[in-house]
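Here is the structure we will look at.
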């Protein structure tokens, strides 16, 4: 009977030790992932800051292209009248 108790305690100790080992391994992996994600976040923020001026510029260019398109439509209409 005492031998069974000793084996049970040893099994519990081995189980807890294995559990602790794998939890430490998972913690190290998650720490490395967290570091990598921090670098990615930093890079994305840098890209966001560098490209922040593109949005208003695109709106301005689109407004100018609309004006050019309307001018071309008038020229196309005149060209069609001349050729017909």
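Overview of results
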item	result
Cα-based helix-to-principal-axis angle, 54-83 vs the chain, degrees rounded to 10	30 degrees
Within the chain, helix-based [θ] at 222 nm, where runs of 4 or more DSSP H residues each add -39,500 (n - 2.57), nearest 500	-34500 deg cm²/dmol
Calculated SAXS-style log₁₀ I(q)/I(0) at q = 0.16, 0.22, 0.23 Å⁻¹ - the chain, Debye, Cα scatterers	-0.86, -1.02, -1.04
Nearest-ten-degree value, helix 2-50 long axis tilted from longest Cα axis of the chain	20 degrees
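Rule-based calculations on the coordinates, nothing more; no lab input. None of these values were measured; they are calculated from a predicted model.
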